[in-house]
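Taking it in order: structure first as structure tokens, then the write-up.
The values are calculated or read from the model by the stated rules, or taken from the named source; none is laboratory data. Remember, it's a predicted structure, so these values are computed and weren't measured experimentally. Ideal geometry is used to build each Cβ from the backbone, glycine not excepted, and the neighbour counts take in all protein chains shown. The area values use the complete protein model at the heavy-atom level, side chains included, leaving out ligands, DNA and RNA. Shrake-Rupley method; radii C 1.70, N 1.55, O 1.52, S 1.80 Å.
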Number of protein chains: 4
Amino acid sequence: MQQFEERVRESFRRQAFMATLGADVAIEKKGQVEIRFPFHRSLTQQNDFVHAGAITGILDSACGYAALSVAPDNHDVLSVEFKVNLLAPAVGDEFCARAQVKRAGKTLIVCAADAYARKNGQEKMVATMLATIMALKHRG
Amino acid sequence: MQQFEERVRESFRRQAFMATLGADVAIEKKGQVEIRFPFHRSLTQQNDFVHAGAITGILDSACGYAALSVAPDNHDVLSVEFKVNLLAPAVGDEFCARAQVKRAGKTLIVCAADAYARKNGQEKMVATMLATIMALKHRG
Amino acid sequence: MQQFEERVRESFRRQAFMATLGADVAIEKKGQVEIRFPFHRSLTQQNDFVHAGAITGILDSACGYAALSVAPDNHDVLSVEFKVNLLAPAVGDEFCARAQVKRAGKTLIVCAADAYARKNGQEKMVATMLATIMALKHRG
Amino acid sequence: MQQFEERVRESFRRQAFMATLGADVAIEKKGQVEIRFPFHRSLTQQNDFVHAGAITGILDSACGYAALSVAPDNHDVLSVEFKVNLLAPAVGDEFCARAQVKRAGKTLIVCAADAYARKNGQEKMVATMLATIMALKHRG
């Protein structure tokens, strides 16, 4: 396992919210991260679709970890802002967010991510994010 | 209780994700809604701040219900897209999102919402959302 | 020339702001449009970079025309909202925006576009847009 | 004239694009800036509304100058990203954008701005922006 992969996995384990979502992470390669969770009723909104907050949760974390995988050593990352378009109802057995770095500056890293619902072996794009992430030197 | 308040409360009860967050809703008046939840470790990210997905969850639902409260009868609402700026770490005992309708068109409703963290009786703005919501006639 | 190409060209000719920018349009194929303009001092901001308003102008129009090329006959398009990330200073001899349709719904069409600066034969991405566009039936 | 007002006016004069729009600036107070321009046919899109690129131009510059007015001495500002919701057709005799600082951090400043069209002495909100701006130390 490479160093950037270790950094991502170590941080992911400390995200209690990811456990609440039942989520798992996969690091495809430097700058490319996937997070997925299975459907669970506790994550739904009033129409039994998965709530935008849960989908945004994995989109945001996937973008953050894509950014972390390219950030300099001794740096942590912080989401500055993101925009999400909800493209279709989040209906399915499993949901995943795939993020990639669009541009890595010295301080700011811009990432794009798409979220997919899987149902009966078919994938459908349900949301897309454009995010700005800040790289910050560790304190202490 | 007025009719729009009933519509909001009835829909909120069916949102399992709001129960997962431990959230409660208050309808200030037509077009203005507040959702809050107490801190819980299950909602945190790697630095023990509340995760952006949880904060986005109440911002999005608050915007949706603000929109629902002004939508015509027999209409449901659907989030089209939103942008969130994360202004400060979400650290505190309680978190709330306050949404208001910025412009209500026939099909699209634009809402703005701010999220606050409360700690030692003090409130601090931690995030702000600008959202587009669609009003759709009920089917059936 | 195909019908969707004609619709785009006819509308583009009526955009006085595109003439003010010195811009030209190219329709790659259905759902994919490029707009470009040469550098001109009248479009700059205080550091002699091209102003974000000019870059946003071609990103927005490129997204609108990508949407128009897939919209049903007898429909016009209207930008609902967009988000732009400015990735690098807009410095160069020529600037272009390339848009494509990300998802076409019945009422709303989501497009993504990237803007590039060309200098000494090299292209650099300077901005990226994620946009929501509405298809509206012609009146009258 | 106070120092922050001088900084804004001096920078505004160097923005050729603002002259192209026929725009003027007013600094209300620290952290609050207004930019306006009269209607001109050269700024229109295919329906004779003012183009989103022109409206975005003054929204972006108003946010930038609101940020500049609160930035530390010896700092310049740079737009990182913005989101614009287009609320109504930009039809009128005059257009203005009013920006204010929402949160000023050490590196990033978040601003909100609304754009209005004036017609027959009446004002109508036509767009709203949420923007992230970076403060950078002058080089040299």
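Among the residues making up region D:81-140, those that are charged (D, E, K, R), facing another protein chain (nearest Cβ under 8 Å) and farther than 20 Å from residue C:78 by Cβ are D:81, D:102, D:103. Apart from one condition, residue D:27 fits all of (1) farther than 19 Å from residue C:89 by Cα; (2) open to solvent by 10 Å² or more (accessible area, probe 1.4 Å); (3) modelled with pLDDT of 95 or more; (4) assigned to a strand (DSSP E or B); the exception is (3). Against the condition under 13 Å from the mean Cα position of the chain (by Cα) and modelled with pLDDT of 95 or more, how does residue D:90 come out, does it pass? Considered against the rule, which asks whether it is under 13 Å from the mean Cα position of the chain (by Cα) and modelled with pLDDT of 95 or more, residue D:90 comes out as no.
Of these, D:77, D:91, D:70, D:84, which one is open to solvent by less than 70 Å² (accessible area, probe 1.4 Å), of a type in the set (Val, Ile, Thr) and under 19 Å from residue B:111 (Cβ atoms)? Within the list D:77, D:91, D:70, D:84, the selection yields D:84. Of the listed requirements (1) in contact with a Phe, Trp or Tyr (Cβ under 9 Å, 6 or more places away or on another chain); (2) within 20 Å of residue C:111 (Cβ to Cβ); (3) away from chain D (no Cβ under 11 Å); (4) touching a residue at least 24 places away in the same chain (Cβ under 8 Å), residue C:7 misses just one: (3).
Can you find even one residue in region C:11-21 that is aliphatic (A, V, I, L, M) and more than 24 Å from residue D:39 (Cα to Cα)? So far as region C:11-21 goes, no, none of its residues is aliphatic (A, V, I, L, M) and more than 24 Å from residue D:39 (Cα to Cα). Evaluation of residue A:14 against the conditions (1) open to solvent by 40 Å² or more (accessible area, probe 1.4 Å); (2) more than 7 Å from every other protein chain (Cβ to nearest Cβ); (3) over 22 Å from residue B:79 (Cβ atoms) shows that the sole unmet condition is (2). All conditions in (1) of a type outside the set (Val, Ile, Thr); (2) modelled with pLDDT of 95 or more; (3) part of a loop (DSSP other than H, G, I, E, B) hold for residue B:72, with the sole exception of (2). When region D:111-129 is filtered for residues that are of a type outside the set (D, E, K, R), open to solvent by 10 Å² or more (accessible area, probe 1.4 Å) and modelled with pLDDT of 95 or more, the ones remaining, listed by number, are D:112, D:116, D:122, D:125.
Within region D:94-140, the set of residues being part of a loop (DSSP other than H, G, I, E, B) and within 26 Å of residue B:104 (Cα to Cα) comprises D:120, D:121.
Here's the yes/no breakdown for (1) open to solvent by less than 10 Å² (accessible area, probe 1.4 Å); (2) over 29 Å from residue C:133 (Cβ atoms); (3) within 12 Å of chain C (Cβ to nearest Cβ); (4) under 10 Å from the mean Cα position of the chain (by Cα):
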site: D:3; (1), (2), (3), (4): no, yes, no, no
site: D:37; (1), (2), (3), (4): yes, no, yes, no
site: D:40; (1), (2), (3), (4): no, no, yes, no
site: D:43; (1), (2), (3), (4): yes, no, yes, no
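Can you confirm whether region D:53-72 contains a residue that is farther than 26 Å from residue B:85 by Cα and either touching a residue at least 60 places away in the same chain (Cβ under 8 Å) or more than 14 Å from chain C (Cβ to nearest Cβ) (or both)? There is no residue in region D:53-72 that is farther than 26 Å from residue B:85 by Cα and either touching a residue at least 60 places away in the same chain (Cβ under 8 Å) or more than 14 Å from chain C (Cβ to nearest Cβ) (or both).
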